[in-house]
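What follows is a short report on a single structure.
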Amino acid sequence: MASKEARVNELETKMESQNFWDNNDAAQEVIAECNKMRAWTIPYRDLKQRFQDVSDLLPEAYETNDDGLIAELLQELERIEKDLSDLEIRKMLAGELDNKNCFLSINSGAGGTEACDWALMLSRMYQRWAAKRNWKVEVIDSVDGDVAGIKSITMKFTGPFAYGYAKAEKGVHRLVRISPFDSNAKRHTSFASVDITPEITDDIAIEIRPDDIRIDTFRSSGAGGQHVQKTDSAVRITHYETGIVVTCQGERSQVQNKETCFKMLRSKLYEKEVLEREKEIQALGGEKKEIAWGSQIRNYVFQPYTLVKDTRTKHESSNIMAVMDGEIDEFVNAYLKETG
């Protein structure tokens with residue numbers, strides 16, 4: 001941490017110089033690096049000061065038998081311990097893509113209406129999780145189910161290390177419950193897949209030639225009446241070589257939807273390149289742990305008992321309602337500890 005603080009001081013000195021803005025691109029790079037370093041140093045200094053304050057006050061509280069103050073200081077120690085654990089988790093987010101914003105996509109699996117409802121439940125869970133982290137959430141694309149729920153949805157999460165944390169959720173999620181759509185009240189099993197893609201910034205060049213893709217436009221789905229789309233504003237882009245397909249209908253104009261589609265396609269292509277490179281490095285050095293993104297990663301059981309269990313880390317929780325309300329950090333952290 002001392003080296004990071006020294007680097008912040010060095011960068012802040014550069015930013016105070018009179019000719020700092022002579023080269024705008026170079027200045028932006030310095031600011032970006034400084035902000036990245038501050039994301040580590042500021043929480044560390046804050047934790048250090050909070051711990052020092054508790055250490056100074058606690059002996060005095062015991063001497064005066066101030067039970068109220070003692071209880072408050074012990075609670076603060078617990079909060080400090082949790083925040084320190086979170087900071088230690090972030091140390092594992094040192095990958096090339098971990099500090100990026102990300103796109104999270106959910107697709108319902110086999111199971112018709114039940115699977116569509118499960119996809120909607122997952123989308124709510126992730127939006128609540130993102131809100132608890134103070135991330136910005138934008139719905140890029142959504143396709144409603146025929147009866148209820150959603151067939152698919154793509155959201156953009158904007159926040160510190162969004163991809164680094166969210167990548168833990170990539171895979172197939174399995175639900176077991178008594179279906180509210182079954183009049184016989186039988187248990188049903190449903191599946192939905194979650195895909196995470198980092199947002200690639202403009203400073204990373206990914207070439208997409210016109211011959212490499214097919215662009216389709218279609219009418220956006222959504223509410224009827226005055227909100228019905230009368231133009232083909234939705235856009236779908238297919239990349240021939242990789243088979244990657246991206247869709248956007250969240251914006252009002254076709255131009256904006258096309259721009260968002262290209263951003264998602266560039267992001268997916270760059271992620272594919274980085275993951276392939278990391279896979280080659282792991283093969284050379286001996287891979288520590290298999291990461292099977294396409295396999296079932298977590299089970300959510302509502303009946304006959306309540307349990308959420310991660311098949312990779314074996315971490316589990318019986319408080320399924322809290323999990324569905326966005327309390328998934330314990331699962332994310334367990335994954336990062338296991339694979340980091």
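The values are calculated or read from the model by the stated rules, or taken from the named source; none is laboratory data. No experiment lies behind these values; they were computed from the predicted model shown. With ideal geometry, Cβ positions are generated from the backbone for all residues, glycine too; neighbour counts draw on all protein chains shown. The accessibility values were calculated without ligands, DNA or RNA, using every heavy atom of the protein model including side chains. Shrake-Rupley method; radii C 1.70, N 1.55, O 1.52, S 1.80 Å.
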*What pairs can you find where one residue is in the range 182-199 and closer than 30 Å to K156 by Cβ, the other is at pLDDT 90 or above and assigned to a loop (DSSP other than H, G, I, E, B), and their Cβ atoms are less than 7 Å apart, with a gap of 6+ or different chains?*
V194/K170; D195/K170; I196/K170; E199/N101
_Cβ-Cβ under 7 Å pairs, at least 6 apart or on other chains, the range 26-40 side in contact (Cβ under 8 Å) with a residue 40 or more places away in the chain, far side part of a helix (DSSP H, G or I)_ = W40/K4
*From the residues in the range 228-249 that are modelled with pLDDT under 85 and open to solvent by less than 60 Å² (accessible area, probe 1.4 Å), which one is nearest to I106 (Cα to Cα)?*
S233
*When you scan the range 300-340, how many residues do you find that are crowded, with 17+ Cβ neighbours inside 10 Å, free of Cβ contacts under 8 Å to residues at least 24 places away in the same chain and among the aromatic types (F, W, Y)?*
0
_All positions within the range 157-189 that are modelled with pLDDT of 90 or more and part of a strand (DSSP E or B)_ = F157, T158, G171, V172, H173, R174, L175, V176, R177
*Is there a residue in the range 105-112 that is modelled with pLDDT of 90 or more, under 14 Å from the mean Cα position of the chain (by Cα) and open to solvent by 30 Å² or more (accessible area, probe 1.4 Å)?*
no
*Listed residues K100, K156; which is closer than 28 Å to V235 by Cβ, touching a helix residue (DSSP H, G or I) at 6+ places or on another chain (Cβ under 7 Å) and touching a residue at least 24 places away in the same chain (Cβ under 8 Å)?*
K100
*Could you run through the range 54-72 and say how many residues are open to solvent by 70 Å² or more (accessible area, probe 1.4 Å) and either closer than 19 Å to D83 by Cβ or among the polar types (S, T, N, Q) (or both)?*
5
*Taking the condition farther than 30 Å from G164 by Cβ and modelled with pLDDT under 90, does D86 pass?*
no
*Kindly indicate the residue of the range 134-163 that is of a type outside the set (A, V, I, L, M, F, W, C) and within 10 Å of the chain's Cα centre (by Cα) and also most open to solvent (accessible area, probe 1.4 Å) among those meeting that condition.*
P160
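Each row is one residue, and each column tells you yes or no for (1) more than 25 Å from R174 (Cα to Cα); (2) modelled with pLDDT under 85; (3) under 23 Å from the mean Cα position of the chain (by Cα); (4) surrounded by 12 or more Cβ atoms within 10 Å (Cβ to Cβ).
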{"position": "I206", "(1), (2), (3), (4)": "yes, yes, yes, yes"}
{"position": "D216", "(1), (2), (3), (4)": "yes, no, no, yes"}
{"position": "G222", "(1), (2), (3), (4)": "yes, yes, no, yes"}
{"position": "E251", "(1), (2), (3), (4)": "yes, yes, yes, yes"}
{"position": "L284", "(1), (2), (3), (4)": "yes, yes, no, no"}
{"position": "G294", "(1), (2), (3), (4)": "no, yes, yes, no"}
*How about the range 164-189: which of its residues are of a type in the set (A, V, I, L, M) and surrounded by 16 or more Cβ atoms within 10 Å (Cβ to Cβ)?*
A166, A168, V172, L175, V176
